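For reference, the structure discussed in these notes is given below.
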Amino acid sequence: MKIEFKNIFIQTRLFIALGVIIFSFMLGYGFIFFYWLAVLLLFLLLSVGAYDLQQLFRNQNPFLVARKVEKVLSLSDDNKVQISVENTSSQGFLIEIIDEIPVQFQKRDLSFKLAISPSEKKELTYALCPTERGEYQFGNLILYIRQQSKLSFLSRRITYPFEKTIAVYPSIRQMKQAALLTNQTLIHQSGIKKMRRVGNQNEFDHIKAYTVGDDTRTINWKASGRRAELMVNKYEEERSQSVYCIMDVGRNMFTPFDGMSLVDYSVNSVLSISNMVLKKHDKPGLISFSNKIHTFLPANNRNRQMAMMLESLYRIKATDYEVNYEALYKLIQQQVKQRSLLILFTNFESRHSLEMNLDVLRKINKKHLLVVVSFIDKEMEKLGMSNFESMEDLFFQTAISKAITEKKKIMLTLRKYGINTILTSRKDLNINVINKYLGLKSRGTI
């Protein structure tokens, strides 16, 4: 039996026992009875301590411990971590488990306390919700064990070297959920508008009987006259169109909501919409920019496009620079030759910042179909409409109302010049962007 004294820790009850013994020795100067009582208590304390050490170190490693984590964590999702502990010894213990989770979660030690019987296996699960992409370093798993006896006052530390680096990627889970919600049986319930799967201005496909919801512009009057019922033309949906997601990663996208920046919310949404674009047989592409172009992934529908999209999104970082729309326009002129749908994720905070870049946006929209996605905080909007109880509340609500009104005026200005817009909360971002894409595609405007 090898005893490692650096891994021995003393419980509070030992100090209480030592205090009683010292006090008895002090009384022993006047009363011999307390002297011998102190000697007896000291002997018992040493005996219990020796037995405690013997039981704690009888087995070099009495536990089989494992930590199970996904190979890749999903941004802004609850990612489950599972810890299993199996007692291989013939005695029961009280144990405290400390998991050294990554520093990004700002929690030094995550601990769990439990009792475990001989030959028993226990599992516990907790969730981690990362709010930024990058590498996360898990540390060791530490067990503090002690006997279940109330007389026990020593504990032993056992360290399991489970250090592991895990990457946090854009949310693949949200991407799959968005794809699932496009099933026709779930679309209405989830808030995604039901869009027709065929276009109406592309290659002719077939003639069918009119049903409620068909576009009246596609009625074939000659066929209707021959059949004595309304007949409509159906067209094949145009495929292989380019859809670029353009991400503003400048200063205005630093705004934090629930611990995440607008850049990270956009990253999750871009992954979801890109997956949808591929499912519709179109070609997704990616551009990120601030004072310069940071990322350019040409639109393509090759097999590895989603993998390349995921890696590109993983590496995108928010910057503290003002955005340069001239650099964006120059890139689009040089690299995006075919008319494409451009979905721009940005956050104009004032009409002045919009007016500075409006001419560039209008020039982009002349050759391509531009959709500007901007953010609004629904919770702040509710606060702005609530009753105020003090002058401070009044000033706060006035500032909120002014900011919200400014955002809506910015969207109206863009629509005035024929630019499509989406003003959305973070919660509805995926749904609203997918709706817009499906709607534009259905109407044949791409």
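The values are calculated or read from the model by the stated rules, or taken from the named source; none is laboratory data. Here the structure is a predicted model, which is why all the values come from computation and not from measurement. As a convention, Cβ positions derive from the backbone with ideal geometry for all residues, glycine included, and neighbour counts pool all protein chains shown.
Summary table below
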{"item": "Filtered residues of the range 23-80 (kept if in a loop (DSSP other than H, G, I, E, B) and of a type in the set (A, V, I, L, M))", "result": "Leu75"}
{"item": "Condition met for Glu132 (under 22 Å from Phe257 (Cβ atoms) and either among the hydroxyl-bearing types (Ser, Thr, Tyr) or not assigned by TED's automatic domain parsing to the domain that holds Arg315 (or both))", "result": "yes"}
{"item": "Filter result (in contact with a Gly (Cβ under 9 Å, 6 or more places away or on another chain), among the hydroxyl-bearing types (Ser, Thr, Tyr) and either loosely packed, with under 15 Cβ neighbours inside 10 Å or in a strand (DSSP E or B) (or both)) within the range 293-329", "result": "Tyr321"}
{"item": "Residue satisfying all of: in the range 404-420; in contact (Cβ under 8 Å) with a residue 40 or more places away in the chain and surrounded by fewer than 19 Cβ atoms within 10 Å (Cβ to Cβ); nearest to His368 (Cα to Cα) among these", "result": "Gly418"}
{"item": "Per-region count, the range 47-74, residues over 46 Å from the mean Cα position of the chain (by Cα) and among the charged types (D, E, K, R)", "result": "1"}
{"item": "Residue match in the range 284-292 (condition: in contact (Cβ under 8 Å) with a residue 24 or more places away in the chain, part of a loop (DSSP other than H, G, I, E, B), among the hydroxyl-bearing types (Ser, Thr, Tyr) and at negative phi)", "result": "yes"}
{"item": "Pair list, Cβ under 9 Å, 6 or more apart: the range 29-56 residue free of Cβ contacts under 8 Å to residues at least 40 places away in the same chain, other residue in a helix (DSSP H, G or I) and among the aromatic types (Phe, Trp, Tyr)", "result": "Tyr29/Tyr35; Phe34/Phe23; Phe34/Phe25; Tyr35/Phe25; Ala38/Phe23; Ala38/Phe25; Val39/Phe25; Leu42/Phe25"}
{"item": "Residue in the range 99-119 that is aliphatic (A, V, I, L, M) and either touching a Ser or Thr at 6+ places or on another chain (Cβ under 9 Å) or in the same structural domain as Ala17 (by TED's automatic domain parsing) (or both) present", "result": "no"}
{"item": "Identity of the residue in the range 15-47, in contact with a Leu (Cβ under 6 Å, 6 or more places away or on another chain) and modelled with pLDDT of 75 or more, that ends up surrounded by the fewest Cβ atoms within 10 Å (Cβ to Cβ)", "result": "Phe34"}
